[in-house]
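The values are calculated or read from the model by the stated rules, or taken from the named source; none is laboratory data. Values in this document were obtained by computation on a predicted structure and should not be read as measured data. Using ideal geometry, Cβ is built from the backbone for each residue, glycine included, and neighbour counts are taken over all protein chains shown.
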Amino acid sequence: MVINVCVGSACHLKGSYNIISKFEDLIKEYGLDDKVVVKAAFCLGQCTKAVSVKIDDGPISSVNEDNIIDFFKANVLKEA
Ligand code: FES
């Protein structure tokens, strides 16, 4: 599974790099290193959703520091 985190300018301003490192922490915490990777992506075209996150070829979600844990549990833990 690939978690694509947008690092385009709008998303970058909203803290893409924090989101990437949070995802990396969560992946380690749940021992998913061999199943899930986090990648930086160019603008995903939905800047109003910053920070935009797309798992594999799925829909684009809006992720922030408040919802990242719920997002991770619902979309990564369940599927990985
Ligand atoms: S900058 Fe992230 S979707 Fe455009």
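Under the condition of being modelled with pLDDT of 95 or more and surrounded by 12 or more Cβ atoms within 10 Å (Cβ to Cβ), which residue from the range 70-80 is nearest to the ligand (Cβ to nearest atom)? The extreme case among them is Phe71.
Tell me, please, whether a residue that is free of Cβ contacts under 8 Å to residues at least 60 places away in the same chain, over 19 Å from Glu79 (Cβ atoms) and among the β-branched types (Val, Ile, Thr) can be found in the range 25-48. Checked against the condition, which is being free of Cβ contacts under 8 Å to residues at least 60 places away in the same chain, over 19 Å from Glu79 (Cβ atoms) and among the β-branched types (Val, Ile, Thr), the range 25-48 yields at least one hit.
Quick one: in the range 7-57, of everything that is near the ligand (Cβ under 9 Å from one of its atoms) and assigned to a strand (DSSP E or B), which residue is farthest from the chain's Cα centre (by Cα)? Restricting to residues being near the ligand (Cβ under 9 Å from one of its atoms) and assigned to a strand (DSSP E or B), the top hit is Ala41.
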